[in-house]
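So the structure is just underneath, and the comments pick up after that.
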Amino acid sequence: MQIYLVGGGVRDLLLGRAVRDKDYLVTNTTKEEFKATFPDAQEVGKAFPIFLMDGKEYAFPRGNSLEADLASRDLTINAMALDQDGEILGHPRAMEDLKQKILRPASLTSLEDDPLRVIRAARFYAQLPDFTPHQELLTAMERCGRSEGYEKIAADRVGQESRKALSAPQPGNFLRLLSRACCLSPWFIELKNAEDITAGPAPFHNTHVLGHTAEVMDKVAGDPLLVWMALCHDLGKCETPHSLLPSHVGHEKLGEKLAEQLGLRLRLPSKYIKAGQKAALLHMKAGRYPELRPGTRVDLLMDAHVTKIMEPLFKLATADHGNNFLCQAKEELNTILKVTLPEEDRNKGAASGERLRQLRARAIT
């Protein structure tokens, strides 16, 4: 029996990165022999044998050999195996592509064999921003993106890969590569034409909606929820009538619905969906917070407070507009939360709510 560390674990080890995912490949044995040697291993694979043991995954090779398994993987830099003696075996181009920092498919059919790899390739570009997508990868992504299989990927798998990209060092690369390879549709169809729409009038914007969105995502990297909010904040601009360009009047409300639609399609947690909606709806107000009337500031603060997105919303606004009003917003939130209704104004339904809003607005005037 031979057990190899394979895939991203070997890649990260050679790059000097922390090895988070440790997947193993088992050869020169049968499934029954493996189960006899490791009775605690739990079989979970359906298409081919996979076992879970101590939080690690042990798989049997696709194609019945180590070489065939490596050739069937997604990218060359992930097609490597480290044996128990420290020897590395891999795809013929793996080491050179790792050295040259190139993202290249392991074979001509790598992506079509599993269309989710289109999304994974974009995710790797976000996680390895100093790597360059090879033309072979772009061609394969574009070809696979036009296939029926790409449209039929299980939505939760696309969502899982997308969330990994949101946690990456340069998450904007996720959208950049999907757009460059014409693969935004159908999963990110809200942004399909984003490269054709100016982000706004000069001097406030000098790029298109997709470029601006990716830039803001990169600015807030490190907080996946905030990165998701950045992805959603300007979705409404993709629906602006051409007669109104380069302005985007009303894009906030348009974006709220699109953010919900996108989040539901990717099967994201409700926390993400709600945060994306609020990012689209409220980011402009947060970006010009001191200019708002006291009552509008109260409404904004309470909405952000109740939905628990106060800090990320104002951090998004800072990345988007350049102005940081978080401290002022926090101080005023503390002020209005201390305001209470006089006894005579309580238990009057909507009238009580409006009276409390007035008192809160007066407190921060």
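Grab the helices (runs of 4 or more DSSP H) fully contained in region 204-306, keeping just those with 2 or more residues being of a type in the set (S, T, N, Q). Spell out how you get there, then give the answer.
On the way: elements: 209-219, 224-232, 251-265, 270-287, 294-306.
The qualifying helices (runs of 4 or more DSSP H) are 270-287.
Test of understanding: among L70, L13, L98, L75, which residue is touching a Phe, Trp or Tyr at 6+ places or on another chain (Cβ under 8 Å), surrounded by 12 or more Cβ atoms within 10 Å (Cβ to Cβ) and of a type outside the set (D, E)? Walk me through how you get there before you give the answer.
Working: L70 fails: touching a Phe, Trp or Tyr at 6+ places or on another chain (Cβ under 8 Å); L13 fails: touching a Phe, Trp or Tyr at 6+ places or on another chain (Cβ under 8 Å); L98 fails: touching a Phe, Trp or Tyr at 6+ places or on another chain (Cβ under 8 Å).
Going through L70, L13, L98, L75 in turn, just one is touching a Phe, Trp or Tyr at 6+ places or on another chain (Cβ under 8 Å), surrounded by 12 or more Cβ atoms within 10 Å (Cβ to Cβ) and of a type outside the set (D, E): L75.
Considering only residues that are farther than 18 Å from G222 by Cα and of a type outside the set (G, A, S), which ones fall in region 151-175?
E151, K152, I153, D156, R157, V158
Looking at G90, G63, G86 in this structure, which one is loosely packed, with under 13 Cβ neighbours inside 10 Å, within 26 Å of L128 (Cβ to Cβ) and of a type in the set (G, A, S)? Can you show your working first?
On the way: G90 fails: loosely packed, with under 13 Cβ neighbours inside 10 Å; G63 fails: within 26 Å of L128 (Cβ to Cβ).
Residue meeting the stated conditions: G86.
In region 18-46, which residues are farther than 25 Å from F124 by Cα and free of Cβ contacts under 8 Å to residues at least 24 places away in the same chain? Walk me through it before giving the result.
Step one: filter region 18-46 for residues farther than 25 Å from F124 by Cα, giving 26-44, 46.
Listed by number, the residues that qualify are T30, E32, K35, A36, F38, P39, D40, A41, Q42, E43, V44, K46.
Of the residues M217, M141, which is at pLDDT 95 or above and within 23 Å of K257 (Cα to Cα)? Steps first, please.
Numbers: M141 fails: within 23 Å of K257 (Cα to Cα).
After ruling out the rest, the residue left standing is M217.
Could you say which residue among S167, S185 is closer than 30 Å to L15 by Cα and modelled with pLDDT of 95 or more?
Details: S185 fails: closer than 30 Å to L15 by Cα.
Unique residue meeting the criteria: S167.
Listed here are the residues, each with its yes/no results for (1) small (G, A, S); (2) in contact with a Leu (Cβ under 7 Å, 6 or more places away or on another chain); (3) under 30 Å from A154 (Cβ atoms).
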| position | (1), (2), (3) |
| --- | --- |
| L244 | no, no, no |
| A286 | yes, yes, no |
| P294 | no, no, no |
| A350 | yes, no, no |
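What pairs come up if the first residue lies in region 286-305 and is closer than 20 Å to Q358 by Cβ, the second is among the hydroxyl-bearing types (S, T, Y), and their beta carbons are under 7 Å apart, counting only those six or more places apart or on different chains?
P294/T365; R297/Y289
It is to be established whether one or more residues within region 335-343 are at pLDDT below 95, among the charged types (D, E, K, R) and in a helix (DSSP H, G or I).
Scanning region 335-343 turns up at least one residue that is at pLDDT below 95, among the charged types (D, E, K, R) and in a helix (DSSP H, G or I).
I'm checking my understanding of the structure. Among residues of region 123-139 that are assigned to a helix (DSSP H, G or I) and of a type in the set (D, E, K, R), which one is surrounded by the most Cβ atoms within 10 Å (Cβ to Cβ)?
If we take residues in region 123-139 being assigned to a helix (DSSP H, G or I) and of a type in the set (D, E, K, R), then R123 is surrounded by the most Cβ atoms within 10 Å (Cβ to Cβ).
Quick check on my filter: what residues within region 175-189 are over 16 Å from the mean Cα position of the chain (by Cα) and of a type in the set (A, V, I, L, M, F, W, C)?
Of everything in region 175-189, those that are over 16 Å from the mean Cα position of the chain (by Cα) and of a type in the set (A, V, I, L, M, F, W, C) turn out to be A181, C182.
How do the pairs read when you match residues in region 319-347 that are within 30 Å of V227 (Cβ to Cβ) and of a type outside the set (S, T, N, Q) with residues anywhere that are at pLDDT below 95 and buried (at least 18 other Cβ atoms within 10 Å of the Cβ), using Cβ under 6 Å and keeping only pairs 6 or more apart or on different chains?
Partner pairs satisfying both residue conditions: none exist.
Pick from region 140-186 the residues that are hydroxyl-bearing (S, T, Y) and in contact with a helix residue (DSSP H, G or I) (Cβ under 6 Å, 6 or more places away or on another chain): which of them is surrounded by the fewest Cβ atoms within 10 Å (Cβ to Cβ)?
Among them, the one singled out is S167.
The values are calculated or read from the model by the stated rules, or taken from the named source; none is laboratory data. It should be emphasised that the depicted structure is a prediction, and the values quoted were computed from it without experimental measurement. All Cβ positions, glycine included, derive from the backbone under ideal geometry; neighbour counts span all protein chains shown.
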